[in-house]
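Notes follow once the structure below has been shown.
The values are calculated or read from the model by the stated rules, or taken from the named source; none is laboratory data. Note that the coordinates shown come from a computational prediction; the quantities given were computed from them, not determined experimentally. For neighbour counting, all protein chains shown are included, and Cβ atoms are generated from backbone atoms with ideal geometry for every residue, glycine included. Note: areas computed on protein heavy atoms with side chains; ligands, DNA, RNA excluded. Shrake-Rupley method; radii C 1.70, N 1.55, O 1.52, S 1.80 Å.
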Amino acid sequence: MTATKPFSATGNQMIAEAMRQADPDVMAAYPITPQTTIVENYAKFVANGAVTTEFVTVESEHSAMSACVGASAAGARVATATASQGLALMWEELFIAAGMRLPIVMANANRALSAPINIHGDHSDVMGARDTGWILLFAETAQEAYDNTVISFPIAEDPDVQLPVMTTLDGFITSHAMERCVMEDDETVRSFVGDYAPANGLLTSPTPLGAGMFANGDSYMKSRYMLRHAIQDSLPVIERVGKAWADTCGRPFDVVDAWECDDAELIVVVLGSAAGNVRHIARELRAAGKKVGVVRPRVYRPFPVKQIAEACKGAKAIAIMDRADSLGGQYGPLAVDVLGALASAGQSAPFHNYIYGLGGNDLTNDLVHKVFDDLEKLADGSLGTGGTSYLGMQEAEGAQNIWLG
Amino acid sequence: MAGLKELSRKPEKLAPGHRLCGGCGASMAVRQVMMGLPDDVEPVVGCATGCLEVSTTIYPYDSWNVPFVHNAFENAAATVSGVEAAFKGMQRAGKIPADKKMKFVAFGGDGGTYDIGLQSLSGAMERGHDMVYVCYDNGAYMNTGIQRSSATPKGAWATTAEVGKDQQGKQQVRKDLTSIIAAHGVPYVAQSTVGHWKDLVSKAEKAFAVDGPAFLNVLSPCPRGWRIGSDETAQICRWAVDTKFWPLFEVENGVWKLTPVREKNLKPLEDYLRPQGRFKHLFKPENAHIIEEMKADVDAYWAYLEGRVESSKDATSPIE
Ligand SMILES: Cc1ncc(C[n+]2csc(CCOP(=O)(O)OP(=O)(O)O)c2C)c(N)n1
Ligand code: SF4
Ligand SMILES: [Mg+2]
């Protein structure tokens, strides 16, 4: 293993580098903030002959994913990147990519969805993809965005997985902020991701292959059943590949990053970049003798049910922080998943669900303190369990119209 | 071009036994177009959602004797772009022999091409993929039950362009998609029908000979939607051409060529409309003016094409 010296880079640069090192046969992509610099960086690699990739500058994200589907069905290694409205425009194709069992790797710079139009980070876009059959990885840092992208290729292309992988990072916070990063050298990454040469591609199959068939009744349901198992069974593969990469690069990999959870009584569950903000306060509280813990799923689909339940098993109160809402539902998407995981393990604890940081709204230290204060109240019974609130926007709760005051 | 005998000996790319209706123009379009493919070139075929796709790929059966991919309704062109890009990228990476010859073909209905797939097609043509895109134009969304498309002729009945007290079928003229694609400046664009096999196969040969994008718009009658007998498919195409309703033309490197209709073959538009149940209401006396308008449209379009022929006589390719 040889790593570069530490350097400053954005998450998007790190993803572009990981993709360059994996050298996909096809990249079909379309610009959208805050993803654009990934494809711009990649265009430079193409122009400079740093990759063998055929770069398809499509006319929309729908066509980007459509071309990725065609290329992946052909037997190529395929990558792309998008965000927000672009991911939403691909929605139809996300199901098709997974249903056809195509190991496409896509970066998503998580961003709010219109309306109102807003280019900043939240998880509204990626949560719309959570039931599509894609493996979803959430990076906390630019470094992790790199590592997640490297492992995405061998995970997606594993013969037992054969599923698309979305490697996500939070818009602007991780996609654009400069961080201290390192990179393994090209040789190390190339040999880690290996060659992709499936025998069942349109261009590689010895007999004519039919892809994207019409399936009725029983055969449709059977294929969806197989898909359910494929994504569930991918968790051990993700773990194996992630650990192998951790051994190679020396940076840890866990499907769930459970910080100080062994004896934790007050636990916050949070995805992506905000985990750092939460740990920052949690560290102060630990120093003051509070038994707090922070649980961050690095893999969100398949949902690591057992690992989440295990991490929360000593909890006297749990705060689940969602950077997206499930409008008309009772809780945000992460909360629903976490509660399901606890229920399936026969665990329960008082909990509260926070919707925070929509459209890039700051998660301040004060707000994180409020969450921990609430946790104490939940634990001692002075705050009832099962509530949902828009963090920092109490007036919105129950208010008829926040615009009109 | 090979004769009928020779063509009939070519291996079928689309096997019999598919579930398209008897007399469906779609399978005729596929077979004739694929006869234009050189024997030493392997194809990959992509298809948009529609009658052709749902009738030829019903799992676990597959009527295609060549590699085939279906993705969705509006994106056959983008999907085949991806397959073509894979071929190039994999060749560059040494995964496919450098001397291997392949062609990438997309089939879409008029709905999947004129309407919902127009952006995807336009993008693929502009990017210059090595692709032959074939629209089998049956003038409506047949697979979902004969709804109007922008290819549906004015005056035609469709289940979303109904005939009633206040409306006599579709009110708008058909979109001239072939000219729209020609305006992309691609090397080869042509219009033909499944009832003119010589014309269609030779145009397909030209399309396949192009190194880059080519587009064929093929009138492909749907007996079910047009309300004609299943033995009338080829005949109705001939009337479409002989009434000048569907001109046979091509645009080769910017030069427009229009196949004239011989005086002795020339027929009044009614000869094309009358056999089709979808135009039945036009023959009520109070609708005579609609047929007159349609005739004026046909003449105007023919004059437009003659103008393109005249003005492009000395053209050099806009893509040179
Ligand atoms: C996005 C989307 N919208 C609508 C449909 C429903 N749909 C499937 S096929 C079809 C019509 C196909 O018409 P055309 O392309 O003309 O082909 P034809 O069936 O006439 O051969 C429609 C509307 C769909 N599959 N996808
Ligand atoms: S409905 Fe029309 S287009 Fe569809 S299969 Fe039947 S004849 Fe062909
Ligand atoms: Mg149609």
### Summary
Over the protein assembly as shown, the sum of -39500 (n - 2.57) across DSSP H runs of at least four, divided by residue number and rounded to 500 deg cm²/dmol, gives at 222 nm -11500 deg cm²/dmol
#### Entry: Qualifying aspartates and glutamates (Cα of each under 18 Å from Cα of A:Lys291; at least 8 residues distant if same chain)
A:Asp257, A:Glu260, A:Asp262, A:Asp263, A:Glu265, A:Glu310, A:Asp373, A:Asp374, A:Glu376, A:Asp380
### Task
Can you bin the stretch A:185-250 into rounded, prolate or oblate? Criterion: square roots of the alpha carbon gyration tensor eigenvalues sorted a ≥ b ≥ c, rounded for a/c under 1.5, prolate for a/b above b/c, oblate for the rest.
oblate
### Task
Under 19 Å Cα to Cα from B:Lys280, which lysines show up? Leave out anything in the same chain fewer than 8 places away.
B:Lys154, B:Lys165, B:Lys170, B:Lys267, B:Lys295
#### Entry: Helix runs (DSSP H) in chain A reaching 18 Å along axis by Cα, Kyte-Doolittle at least 0.0
A:61-74, A:234-249
## Note on the structure
Interface buried area A-B, accessible surface with 1.4 Å probe, both sides summed, nearest 100 Å², comes to 2900 Å²
## Note on the structure
Expected vector for the stretch B:138-150, Karplus 3J(HN,Hα) from phi with 6.51, -1.76, 1.60 and θ = phi - 60°, integer Hz, x for Gly and Pro, equals 10, x, 5, 7, 6, 4, 9, x, 6, 7, 5, 10, 6
## Note on the structure
Residues of the stretch B:117-141 that bury at least 50 Å² of accessible area, probe 1.4 Å, when all protein chains are present rather than the chain alone, are B:Gln119, B:Arg127
### Query
Cα gyration tensor of the stretch A:266-387, axes a ≥ b ≥ c as square roots of the eigenvalues: rounded (a/c below 1.5), prolate (a/b > b/c) or oblate?
rounded
## Note on the structure
The long-range amide H neighbours of A:Asp257, using H built 1.01 Å from N in the peptide plane and a cut-off of under 5 Å, are A:Arg296, A:Arg298
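Would you work out if the stretch A:94-184 is rounded, prolate or oblate? Take a ≥ b ≥ c from the square roots of the eigenvalues of the alpha-carbon gyration tensor; rounded if a/c is under 1.5, else prolate when a/b is larger than b/c, oblate otherwise.
Here the stretch A:94-184 falls in the oblate category.
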### Task
Summarise the long-distance tail of P(r) for the stretch B:177-224 by giving the % of C-alpha pairs beyond 15 Å.
45 percent
### Query
Of A:Thr207, B:Thr79, which has the most accessible area with a 1.4 Å probe, and how do the rest follow in descending order?
A:Thr207, B:Thr79
### Query
With a sphere of radius 14 Å drawn around the Cβ of A:Thr52, what net charge do the other residues whose Cβ falls strictly inside it have (Lys, Arg +1; Asp, Glu -1)?
+1
### Task
Keeping the other protein chains in place, figure out the carbon and sulfur percent of the accessible area of chain B, with a 1.4 Å probe.
53 percent
### Message
How large is the accessible surface of B:Arg224 in square angstrom, using a 1.4 angstrom probe and rounding to the nearest 10?
### Response
140 Å²
### Query
Carbon and sulfur: what percent of the stretch A:7-249's accessible surface (1.4 Å probe)?
56 percent
### Query
Given the pairs A:Lys222/B:Lys101; A:Lys243/A:Lys377; A:Lys306/A:Lys370; B:Lys264/B:Lys313, which are separated by over 30 angstrom at their Cα positions?
A:Lys222/B:Lys101; A:Lys243/A:Lys377
### Query
Relative contact order of chain B: what whole-number percent is it, with Cα pairs under 8 angstrom and at least 6 residues apart?
17 percent
### Task
Whole Å is fine, so just give me how far the alpha carbon centre of the stretch A:31-83 lies from that of the stretch A:107-138.
19 Å
### Query
Taking only C-alpha pairs under 8 Å that are 6+ residues apart, what is the relative contact order of the stretch B:184-292 in percent?
27 percent
### Relative contact order, percent, the stretch A:256-390 [alpha-carbon distance under 8 Å, six or more residues apart]
27 percent
### Message
Could you report the protein assembly as shown's accessible area per residue, 1.4 Å probe, as an integer in Å²?
### Response
39 Å²
#### Entry: Distance between the stretch A:372-388 and the stretch B:230-260 - C-alpha centres, whole angstrom
76 Å
### Task
Mind telling me which of A:Thr364, A:Thr132, A:Thr36 comes out most flexible in a GNM of chain A, alpha-carbon contacts under 10 Å?
A:Thr364
#### Entry: Members of B:Lys10/B:Lys203; A:Lys44/B:Lys103; B:Lys175/B:Lys244 lying beyond 26 Å, as alpha-carbon distances in this model show
A:Lys44/B:Lys103
### Message
Can you list the residues in the stretch A:213-248 whose accessible area drops by at least 20 Å² when all protein chains are present, compared with the chain alone? Use a 1.4 Å probe, heavy atoms only.
### Response
A:Met213, A:Phe214, A:Ser219
